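The structure appears right after this line, and notes come after that.
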Amino acid sequence: MYTGLQHLHSYMGYLVLLGLLISLGAALVGLSGNRTFTDKDRKLGLFGLIATHLQVVIGIILYLVSPLGLSNASGAAIKDATSRLYFLEHPLMMVLAVILITVGYSKAKRQIGTNRGFKTIAIFYGLGLILVLSRIPWNAWLD
């Protein structure tokens, strides 16, 4: 079960990055084109939101069953950089990223008919994407 969750979480990461890049790209195009934020644009933002929410649910389950996650809660985990990444840094940054993305989507969906929805998506999804990219365990993910 653990290995399957690990692979699912890893492959879903590509979907999350794709969803965030599509949502962010559409927001930047809409912002630069001075267009009005429509329901179609809201749905593009929803793509990134759904992908991140699915990923965080899988990640929480993985955190609970992984030997690198919650069961690794000790002082030694903080001293070792790899253990600290899996135990503390990665989960914390991902939860913060999901919060930013969720807040951005919630604010943007109320701004249909204005140009501000694009700016909201661009700011919040952009910050969320930066947090995600900063704490991906690249050494394990690219192997």
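The values are calculated or read from the model by the stated rules, or taken from the named source; none is laboratory data. Source: prediction; values computed, not measured. Methodologically, a virtual Cβ is constructed for each residue, glycine included, from the backbone with ideal geometry; neighbour enumeration extends over all protein chains shown.
Of all residues in region 104-115, those satisfying the criterion of being part of a helix (DSSP H, G or I) and either over 24 Å from ASN34 (Cβ atoms) or among the polar types (S, T, N, Q) (or both) are SER106, GLN111.
Okay, residues lined up against (1) part of a helix (DSSP H, G or I); (2) surrounded by 14 or more Cβ atoms within 10 Å (Cβ to Cβ); (3) of a type in the set (Asp, Glu):
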position	(1), (2), (3)
LEU21	yes, no, no
GLY25	yes, no, no
LEU28	yes, yes, no
LEU31	yes, yes, no
TYR63	yes, yes, no
PRO67	no, no, no
SER83	yes, yes, no
MET93	yes, yes, no
GLY117	yes, yes, no
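Step by step: first the residues of region 90-143, then only those that are among the aromatic types (Phe, Trp, Tyr) and in contact (Cβ under 8 Å) with a residue 24 or more places away in the chain, then the one that is farthest from SER23 (Cα to Cα). Which residue is that? In this case the residue turns out to be TRP141. Can you pull out the residues in region 37-52 that are surrounded by 15 or more Cβ atoms within 10 Å (Cβ to Cβ) and in a helix (DSSP H, G or I)? Once the filter is applied, which keeps residues that are surrounded by 15 or more Cβ atoms within 10 Å (Cβ to Cβ) and in a helix (DSSP H, G or I), region 37-52 yields ASP41, ARG42, LEU44, GLY45, LEU46, PHE47, GLY48, LEU49, ALA51, THR52.
Do we find a residue being among the hydroxyl-bearing types (Ser, Thr, Tyr) and at pLDDT 95 or above anywhere in region 46-58? So far as region 46-58 goes, yes, one or more of its residues are among the hydroxyl-bearing types (Ser, Thr, Tyr) and at pLDDT 95 or above.
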